[in-house]
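> The structure follows.
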């Protein structure tokens with residue numbers, strides 16, 4: 001029976017452009033066919049989890065960015081304290097305790113470990129977001145609902161933390 005369903009889907013499976021129900025779906029790849037309710041339910045759980053991980057990844061990227069900014073601020077603070085300790089207050093020849101602000105060169109910033117990690121995580125986030133979009137475009141109620149619930153649960157777990165001090169530049173949720 002399973003082979004007959006897979007053969008039917010291989011030959012006749014046109015992509016529905018309307019929302020529909022049912023449990024017999026080809027999901028992303030030719031080899032991922034959910035032909036039973038159990039397989040389809042497992043597929044919905046997988047996409048719920050992937051959607052949840054998408055929200056967790058966005059949270060992780062923001063936390064890494066925050067940590068990088070904190071390290072930079074701490075480095076600057078230590079430099080100020082070192083300058084203050086080297087020259088007593090009221091000394092006429094004492095230079096300003098504020099360090100000269102030197103920005104990183106383009107190359108230093110481009111090849112910093114923080115930027116490389118952020119870039120790799122951004123690529124993973126883009127891949128996951130496109131996969132979520134493609135599965136949503138199956139227009140199956142249950143797959144769509146499982147992803148929406150996964151994104152919602154991920155936002156519930158991480159969204160309130162993420163919005164503390166966010167500049168809101170992300171284009172797509």
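The values are calculated or read from the model by the stated rules, or taken from the named source; none is laboratory data. This is a predicted model, so every value here is computed, not measured. Quick reminder, even Gly has a Cβ in these numbers, built from the backbone with ideal geometry, and neighbours come from all protein chains shown.
> Going by the conditions given, is residue 30 exposed (fewer than 15 other Cβ atoms within 10 Å of the Cβ) and within 30 Å of residue 145 (Cα to Cα)? Working first, answer last.
On the way: exposed (fewer than 15 other Cβ atoms within 10 Å of the Cβ): yes; within 30 Å of residue 145 (Cα to Cα): yes.
It is true that residue 30 is exposed (fewer than 15 other Cβ atoms within 10 Å of the Cβ) and within 30 Å of residue 145 (Cα to Cα).
> Something else now. Which is at pLDDT 95 or above and surrounded by 15 or more Cβ atoms within 10 Å (Cβ to Cβ), of 145, 121?
Going through 145, 121 in turn, just one is at pLDDT 95 or above and surrounded by 15 or more Cβ atoms within 10 Å (Cβ to Cβ): 121.
> Return the residue satisfying two criteria in turn: it lies in region 27-63 and is touching a strand residue (DSSP E or B) at 6+ places or on another chain (Cβ under 7 Å) and in contact (Cβ under 8 Å) with a residue 60 or more places away in the chain, and of such residues it is nearest to residue 127 (Cα to Cα).
Filtering region 27-63 for residues that are touching a strand residue (DSSP E or B) at 6+ places or on another chain (Cβ under 7 Å) and in contact (Cβ under 8 Å) with a residue 60 or more places away in the chain, the one nearest to residue 127 (Cα to Cα) comes out as 27.
> Further, regarding this structure: Being more than 11 Å from residue 55 (Cβ to Cβ), in contact with a helix residue (DSSP H, G or I) (Cβ under 6 Å, 6 or more places away or on another chain), surrounded by 12 or more Cβ atoms within 10 Å (Cβ to Cβ) and at pLDDT 95 or above is true for just one of 153, 136. Which residue is that?
Only one candidate qualifies: 136.
> Here is a further query. Of the residues in region 4-55, how many are modelled with pLDDT of 65 or more and assigned to a helix (DSSP H, G or I)?
The number of residues fulfilling the criteria is 19.
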